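Asker: Just passing along the structure, written as structure tokens.
The values are calculated or read from the model by the stated rules, or taken from the named source; none is laboratory data. Keep in mind the model is a prediction, meaning the values are calculated, not measured. Note that we place each Cβ from the backbone using ideal geometry, even for glycine, and neighbour counts take in every protein chain shown. When the accessible area is computed, the model is the full protein with side chains, heavy atoms only, and any ligands, DNA or RNA have been set aside. Shrake-Rupley method; radii C 1.70, N 1.55, O 1.52, S 1.80 Å.
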Amino acid sequence: VMTEPPDLLVVGGGDGTIGCAAGQVAGTRTVLGVLPLGTANDLARTLQIPGDLRAACAVLTEGKDVDVDLGRADGRPFLNVASAGLSVAVTDALSPALKRRLGPLAYPLAAVRAYRRHEPFVARLEFPDGDHPTLIVKDVLQVSVGNGRHFGGGATVAPLADIDDHALDVAVVEQGRLRDHVSMARLVRSGHFVEHEKVHHRTTRRVRLVTDPPLRLNLDGEVVGGTPTTFEVQRNAVHVRVPQHATGARHDGD
């Protein structure tokens with residue numbers, strides 16, 4: 001039985017597994033070592049941790065330590081993006097066999113399948129700190145709350161988010177027409193989709209999401225919890241070992 005937390009905790013797996021581990025070491029001096037063994041590996045992409053296992057192992061001994069923010073959804077941790085709506089249906093459509101066969105390409109295929117079955121919903125976003133007025137949007141496709149920038153193997157669903165900026169990047173996407181989403185899909189990789197007329201964007205440290213009907217949540221690819229939910233950011237919560245050349249985060253203090 002450990003009486004003290006370890007100096008370094010190495011976790012091999014996907015974003016959901018690593019996010020769960022991050023929640024366990026948040027607020028401690030333990031450094032998280034990441035071996036990206038999942039399908040999407042969006043945290044590794046953000047922090048420039050190599051996908052090659054041998055190179056990722058080398059980072060554990062040769063890298064530097066940074067501290068990153070941790071998102072919380074009613075206390076549940078997420079490092080990249082939390083969302084409600086289409087993304088949950090996409091996760092439901094991502095069978096293990098599909099991910100093994102197609103890798104990251106499984107995400108757009110699952111998105112097409114999920115879009116065909118999607119039922120729009122009403123989203124109410126409340127900002128307890130008073131930095132924005134309450135936002136109510138009808139006919140919603142998806143609400144995303146980004147601590148990091150990427151989801152689904154590199155899709156830039158929170159383009160203005162920085163895992164080290166102490167803020168959450170919130171995007172509400174209206175259902176719209178099919179042609180709206182075709183044009184939006186072209187902008188997802190670059191992140192310019194937030195400029196689309198069907199997208200409402202806010203930056204905040206805390207937001208409460210209420211939906212009608214209540215919906216399940218996707219936290220870094222894991223479907224857990226549901227609305228209503230309060231999202232907030234825990235600043236500089238997790239120490240992570242990254243390559244010496246990485247610029248995705250910095251070390252702000254103990």
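Asker: Take residues that are in contact with a helix residue (DSSP H, G or I) (Cβ under 8 Å, 6 or more places away or on another chain) and within 19 Å of residue 224 (Cα to Cα) and tell me which of the helices (runs of 4 or more DSSP H) falling wholly in region 1-71 contain 1 or more.
Answerer: Passing ranges, in order: 15-25, 42-47.
Asker: Just to check your reading of the model, which residue among 28, 39, 46, 3 is modelled with pLDDT of 90 or more, open to solvent by 20 Å² or more (accessible area, probe 1.4 Å) and polar (S, T, N, Q)? Don't jump to the end; show me each part of the working.
Answerer: Numbers: 39 fails: modelled with pLDDT of 90 or more; 46 fails: modelled with pLDDT of 90 or more; 3 fails: modelled with pLDDT of 90 or more.
Going through 28, 39, 46, 3 in turn, the sole match is 28.
Asker: Shifting gears a bit: Among what's in region 200-227 and is touching a strand residue (DSSP E or B) at 6+ places or on another chain (Cβ under 7 Å) and part of a loop (DSSP other than H, G, I, E, B), pick the residue that is nearest to residue 133 (Cα to Cα). It would help to see each step written out before you state the result.
Answerer: Here is the first cut: in region 200-227, the residues touching a strand residue (DSSP E or B) at 6+ places or on another chain (Cβ under 7 Å) are 200-220, 223-227.
Still in the running and part of a loop (DSSP other than H, G, I, E, B): 205, 213-215, 220, 227.
Working: 205: 14, 213: 22, 214: 22, 215: 23, 220: 27, 227: 20 Å.
Selected residue: 205.
Asker: Still on this model: Return a yes/no flag: does region 211-225 have any residue that is free of Cβ contacts under 8 Å to residues at least 60 places away in the same chain and within 23 Å of residue 75 (Cβ to Cβ). Outline the logic, then answer.
Answerer: As a first pass, look at region 211-225 and keep what is free of Cβ contacts under 8 Å to residues at least 60 places away in the same chain: 214.
Then keep just the ones that are within 23 Å of residue 75 (Cβ to Cβ); that gives 214.
So far as region 211-225 goes, yes, one or more of its residues are free of Cβ contacts under 8 Å to residues at least 60 places away in the same chain and within 23 Å of residue 75 (Cβ to Cβ).
Asker: Can you report the number of residues in region 111-141 which are assigned to a strand (DSSP E or B), modelled with pLDDT of 90 or more and under 19 Å from residue 229 (Cβ atoms)?
Answerer: Matching residues across region 111-141 total 10.
Asker: Tell me, which residue of region 228-254 that is touching a strand residue (DSSP E or B) at 6+ places or on another chain (Cβ under 7 Å) and of a type in the set (S, T, N, Q) is surrounded by the fewest Cβ atoms within 10 Å (Cβ to Cβ)?
Answerer: The qualifying residue surrounded by the fewest Cβ atoms within 10 Å (Cβ to Cβ) is 244.
Asker: Check off (1) small (Gly, Ala, Ser); (2) under 24 Å from residue 35 (Cα atoms); (3) at pLDDT 90 or above for residue 167 and give me the number that stays unchecked.
Answerer: Failing condition for residue 167: (2).
Asker: Return only the number of the condition from (1) under 17 Å from residue 78 (Cβ atoms); (2) at pLDDT below 90 that residue 180 does not satisfy.
Answerer: Single failed check for residue 180: (1).
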